[in-house]
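Notes for the one structure printed next.
None of the figures in this text is laboratory data; all of them are computed from the coordinates on show. Being a predicted model, the structure only gives us computed values, none of them experimental. When we count neighbours, we look across all protein chains shown, and the Cβ atoms used for this are built from the backbone with ideal geometry, even at glycine.
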Amino acid sequence: MADNECVLEIRLFTVKPGTREEFHRISAEGTVPLMRKCDIDVVAFGPSLNNEDGYYLIRAFDSEEHRISHSQVLYTVPEWEEFDKPVGDMIVDYHTTVVPTSRQAVSQLQNA
């Protein structure tokens, strides 16, 4: 990939009815700061506007290979254990897609 190119990972979660507010709290106060501490570029996250049980997480990586290797670091840090069960218990399903993009587009999303 060229220097200004990267990939966006977009995760769409379906959480159990009535748990999205707590899922967001844990994300905002716990899992997202932990991802950033692990040098994972969290671009955006939050409740879906069109699905009351929907939630999204968008992360940027240098390449698909970097995404595969680096995203797994999160699950090896001791702090993750605090979030693993509560978050896992709220998730009904999730889907991940990875798309090519530019660092400029990532910057624009972060500032939106």
Here the relative contact order (percent) of the chain, from C-alpha pairs under 8 Å and at least 6 apart, is 46 percent
Between VAL73 and HIS24, what FRET efficiency follows from the Cβ-Cβ distance if R0 is 30 Å, with the result rounded to 0.05? 0.80
Going by amide H atoms built from the backbone, whose H comes under 5 Å of the H on ASP41, apart from near neighbours? ALA60
The stretch 1-38 residues near the modelled VAL98 label - backbone nitrogen below 16 Å, point 7 Å along Cα→Cβ: 1-2, 5-12
Taking θ = phi - 60°, what integer Hz values does the Karplus form 6.51 cos²θ - 1.76 cosθ + 1.60 yield along the stretch 84-89, in sequence order, with x for Gly and Pro? 3, 5, x, 5, x, 5
Among PRO100, PRO78, PRO33, the residue with the largest mean-square fluctuation in a Gaussian network model of the chain built from Cα contacts under 10 Å is PRO78
For LEU109, LEU34, LEU49, which order do you get if you count the other beta carbons within 10 Å of each Cβ and list the fewest first? LEU49, LEU109, LEU34
In a Gaussian network model of the chain with springs linking alpha carbons closer than 10 Å, the residue among ASP89, ASP41, ASP53 that fluctuates most is ASP89
Which of (1) 1.06; (2) 1.62; (3) 1.54 gives Cα Rg over 2.2 N^0.38 Å as computed here? It is (1)
